[in-house]
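Working notes for the structure below.
The values are calculated or read from the model by the stated rules, or taken from the named source; none is laboratory data. This one's a predicted model, so the numbers in the text were calculated from it and none came from an experiment. No Cβ is skipped: glycine too gets one built from the backbone with ideal geometry, and neighbour counts run over all protein chains shown.
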Amino acid sequence: MPAARRPPSDGPVLERVVAVLHQVTRVPAASIHAGTGLYADLHLDSLQALELLFELEDAFGVDIDTDSSKALRTVGDVVALLERLVAPRR
């Protein structure tokens, strides 16, 4: 029987994303979860969005293309994208 997959909003990727978001936005990590909106809730501006992308690329060792980054609206979206990008390396 195959192992149950965790939803993309659970686990170590989420924890690392929350840590990076806290670093970039200074929003308390405890208030950031998978459903948190990057723009609606965290109020990212364009400079912070770029900083977030650079920090995530560095933290996860991936390249995030511009088209993919434009589709990111929630923390869960970020986690799902990073899990897809990191998975081929496993």
message: Could you go through region 30-43 and let me know if any residue there is surrounded by fewer than 18 Cβ atoms within 10 Å (Cβ to Cβ) and in a helix (DSSP H, G or I).
response: yes
statement: Residues in region 1-29 that are surrounded by 13 or more Cβ atoms within 10 Å (Cβ to Cβ), at pLDDT 95 or above and in a loop (DSSP other than H, G, I, E, B) total 1
statement: In region 44-90, anything assigned to a helix (DSSP H, G or I), surrounded by 12 or more Cβ atoms within 10 Å (Cβ to Cβ) and of a type outside the set (A, V, I, L, M, F, W, C) is listed as Gln48, Glu51, Glu55, Glu57, Ser68, Ser69, Gly76, Asp77, Glu83, Arg84
